[in-house]
Amino acid sequence: MCTVTYTPQSKGFVLTSNRDENSLRSTTAPQKYQFGGTTLCYPKDSLSNGSWIAMSNKGRVVCLLNGAFISHEKKEFHTNSRGTVLLESAKVNTDPFQLFSNDSLANTEPFTLLTIDFNDHEITCFSELIWDGNDKHYRTLDPNEFYIWSSVTLYSNENRKERKVWFKKFLNANCHNPSAADLIQFHSKEHSVDSSVNLIMEREGNLKTVSTTQIVHDGMTLKMNYFDLIEQTNYLIEL
């Protein structure tokens, strides 16, 4: 939920997410869950029963980062889990902007939510939805562009700019045509001698990158590849 990249492919896209979390916090590996006629696949945060990334058999992928534009402090009134907001947005086919507009987020911590809607041939809507604790912000993204996001709750503006430089160098080295495997390498590589800001990060208090989740849509199939960095295990699920 803390470092996310999006890369277009000749057919489809690749979305890759590194989750930075307390390594003692329990997580369930990705499974398929049924919600009426919708099948969702996602890793589950055992504390909140929510998630930070999910894919749907109805042609939607969602991914969440903590924070909006600036770092914030957890408040007592923040009682609604961001991870459950993500799952609610994944369950339905409602236009993401309409869904975001109608949803009450008064008791929810700030977040950034990415939604990708698609069919077998093309992306039909690619959106960035931001709740800053007071207001909602929405923008449509270009599915043919490359993007990287880093959570504002963990990374300073300088850190985030530096990560964009790393990503640009990586894209140039791969002629702006990286494979899914190349992107896993980017998300795993040591880009700095400072472990607190690397894509695979580690800080005091058991805070570290605990997993990497990659969703690949190749124009026909939708796959989730989950790398548990604590247990050193991999899971692959296809919808």
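The values are calculated or read from the model by the stated rules, or taken from the named source; none is laboratory data. Small disclaimer: the values here were computed from a predicted structure and weren't measured. We place every Cβ from the backbone using ideal geometry, glycine too, and count neighbours over all the protein chains shown. We work out accessible area using only protein heavy atoms, side chains counted, and drop any ligands, DNA or RNA first. Shrake-Rupley method; radii C 1.70, N 1.55, O 1.52, S 1.80 Å.
See the values below:
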read-out	value
Count of residues meeting criterion [touching a residue at least 12 places away in the same chain (Cβ under 8 Å) and in a loop (DSSP other than H, G, I, E, B)] in the range 154-176	3
Residue in the range 223-234 that is at pLDDT 95 or above, buried (at least 20 other Cβ atoms within 10 Å of the Cβ), among the aliphatic types (A, V, I, L, M) and not in a loop (DSSP other than H, G, I, E, B) present	yes
Test: residue in the range 136-150 that is at pLDDT below 95 and in a loop (DSSP other than H, G, I, E, B)	no
Filter result for the condition that a residue is crowded, with 21+ Cβ neighbours inside 10 Å and touching a residue at least 60 places away in the same chain (Cβ under 8 Å), over S17, S89, S51	S17
Flag if V165 is open to solvent by less than 90 Å² (accessible area, probe 1.4 Å), at pLDDT 95 or above and farther than 26 Å from R60 by Cβ	yes
Whichever residue in the range 184-222 is surrounded by fewer than 21 Cβ atoms within 10 Å (Cβ to Cβ) and in contact with a His (Cβ under 8 Å, 6 or more places away or on another chain) and, among such residues, is nearest to K164 (Cα to Cα)	N198
